[in-house]
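Let me begin by presenting the structure, written as structure tokens, before commenting on it.
FYI, it's all coordinate maths here, none of it is from the lab. Nothing here was measured: the structure is a model prediction, and the numbers come from that model.
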Amino acid sequence: MTQTSRGEARNDSAAAEAWRGFRGRSWRDTVNPRQFLQDNYTSYDGDSSVLAGATDRTTALWAKMTELFPRERERGVYDVDAHTPASITAHAPGYITGRPSRSWGCRPTPR
């Protein structure tokens, strides 16, 4: 057991176990995600055969969104809430299908 620069106790064996298999050292002592990625990134040169296809649920959600895109392009925006002051937490969740979905975010495919 050692002490960090902030006086906190640290179990070195637990820390060593947590980072087993990762390369590099500097990102272990400072917040440095760029260096972590540089040290541990491995490019994938294979093809898309390792990817799973879209689920029926995802395909249905995408079909619904595809129906809404022309209206959004026509208006410049799909919908606006002009009554709620803007902030990151001001708005209630918006669901594409009118009920909670399992999607965490949607992004149109690149053209």
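Applying the Karplus relation 6.51 cos²θ - 1.76 cosθ + 1.60 with θ = phi - 60° to segment 38-44 yields 3J(HN,Hα) values of 4, 6, 10, 6, 10, 6, 10 Hz, where x marks Gly and Pro. With an a/c value of 1.5 or above and a/b larger than b/c for the gyration tensor axes a ≥ b ≥ c computed over the alpha-carbon atoms, segment 29-71 is described as prolate.
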